[in-house]
Amino acid sequence: MIQKSVLVTGANGQLGSEIRLLANQYPQFAFTFTDIQELDLQDSKSIMDCFSQLKPAYLINCAAYTAVDKAENDIDLCYAINSAAVSHLALAAKQHNTTVLHVSTDYVFDGKQSRPYRESDPVCPVSVYGKSKLQGEQALNDICPTSSVIVRTAWLYSAFGNNFVKTMIRLGREKSELRVVSDQWGSPTYAADLAEALIKIILSAEAGHFSPGIYHYSNEGSCSWYEFAQKIHQLAGITSCKIIPVSTAEYPTAAQRPSYSLLDKSKIRGDYGVAVPLWTESLEACLSNFNNCK
């Protein structure tokens, strides 16, 4: 069997790690996993050399600067990873006829809407992170408009890396009470589900059903961060920590966050037949393996 090459960037993060777990299920693909140690995305020559060597049929770009508050002062590096690096990758992909799957964020919206965001809704980022991710989207769409898929996601967590779920469990075991924002709404996304959605897109492309453009993916259902924290503690069996709801105004952060981040998933369901599990079911699935978290 001739394997098609799939290049995964940002491979040590939450999503990249979940894709790595899935890779053995798809022997028709030869996955190459890279992070900054293997491929510096600020070095356009290294990127071009990597593409020349691998000649990937697909690129899954999971790499991103995601320290939302830190980005307000670390502007240059944030844009270098979330925008300039995407341009470098897109130019290499165009030269080598590589199909690009790029992960973006709900932070391209301002969160002032009251219904789930569709892909066609106007963008209006309110943070450096959101603005840098939007610029990355625009760069990819300018360079590879017919050979790329952008998947926006939200509230990502996993058995890997640092995330809200792990923080709530750690703090819940250390403290007697926690204050958690209750007036920001969204839907958590289990990175393992997003990884499967991305593989599904590649499989569809292999079957001749590829539709470029922007798509939204998060788990189904909605909650506040406060309700998310409550559910985490319930499933983790933490009963000694009281969770206190607070407003965004009572919990100031360096970066402004969207108060409403629900994403409409009907397009990715319709075009690619992607499954969208309920967030509570996916959280339970993640926590059932929590002892294996890294």
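Observations, loosely collected:
- Yes/no for ASP106 being charged (D, E, K, R), at pLDDT 95 or above, touching a Ser or Thr at 6+ places or on another chain (Cβ under 6 Å) and surrounded by 23 or more Cβ atoms within 10 Å (Cβ to Cβ): yes
- Flag for SER120 being at pLDDT below 95, surrounded by fewer than 20 Cβ atoms within 10 Å (Cβ to Cβ) and either touching a helix residue (DSSP H, G or I) at 6+ places or on another chain (Cβ under 9 Å) or farther than 18 Å from ASP35 by Cβ (or both): no
- Single condition THR167 does not satisfy, out of (1) closer than 20 Å to VAL68 by Cα; (2) free of Cβ contacts under 8 Å to residues at least 40 places away in the same chain; (3) part of a loop (DSSP other than H, G, I, E, B): (3)
- When SER282 is tested against the conditions (1) farther than 30 Å from PRO145 by Cβ; (2) surrounded by fewer than 21 Cβ atoms within 10 Å (Cβ to Cβ); (3) of a type in the set (Ser, Thr, Tyr); (4) in contact with an Asp or Glu (Cβ under 7 Å, 6 or more places away or on another chain), the lone failure is (2).
- Residue in region 94-104 that is of a type outside the set (Ser, Thr, Tyr), on the phi > 0 side of the Ramachandran plot and over 16 Å from the mean Cα position of the chain (by Cα) present: yes
- Residue match in region 59-81 (condition: surrounded by 24 or more Cβ atoms within 10 Å (Cβ to Cβ) and either basic (Lys, Arg) or farther than 24 Å from PRO188 by Cα (or both)): yes
- Looking across region 265-283 at every residue that is of a type in the set (A, V, I, L, M) and out of contact with any Pro (no Cβ under 7 Å at 6 or more places or on another chain), the one that is nearest to GLY237 (Cα to Cα) is identified as LEU278.
- Some residue of region 22-44 being free of Cβ contacts under 8 Å to residues at least 40 places away in the same chain, touching a Phe, Trp or Tyr at 6+ places or on another chain (Cβ under 6 Å) and crowded, with 16+ Cβ neighbours inside 10 Å: yes
- Checking each residue in region 11-45 for being in a loop (DSSP other than H, G, I, E, B), farther than 20 Å from HIS96 by Cα and within 20 Å of the chain's Cα centre (by Cα) picks out ALA11, ASN12, GLY13, ASP35, ILE36.
- If the condition is being part of a strand (DSSP E or B), out of contact with any Phe, Trp or Tyr (no Cβ under 9 Å at 6 or more places or on another chain) and under 18 Å from LYS55 (Cα atoms), then region 69-107 contributes only HIS102.
- Test: residue in region 127-144 that is at negative phi, surrounded by fewer than 21 Cβ atoms within 10 Å (Cβ to Cβ) and part of a loop (DSSP other than H, G, I, E, B): no
- For region 188-203, residues that are surrounded by fewer than 24 Cβ atoms within 10 Å (Cβ to Cβ) and assigned to a loop (DSSP other than H, G, I, E, B) total 0.
- Hits in region 242-278 (condition: within 30 Å of HIS209 (Cβ to Cβ), of a type outside the set (Ser, Thr, Tyr), under 17 Å from the mean Cα position of the chain (by Cα) and surrounded by 16 or more Cβ atoms within 10 Å (Cβ to Cβ)): LEU262, LEU263, ASP264, LYS265, ILE268, VAL274, VAL276, PRO277
- Restricting attention to region 145-164, the residues that are of a type in the set (Phe, Trp, Tyr) and not in a loop (DSSP other than H, G, I, E, B) add up to 2.
The values are calculated or read from the model by the stated rules, or taken from the named source; none is laboratory data. Not measured: the values here are computed from a predicted model. Every residue, glycine among them, receives a Cβ derived from its backbone with ideal geometry; neighbour counts consider all protein chains shown.
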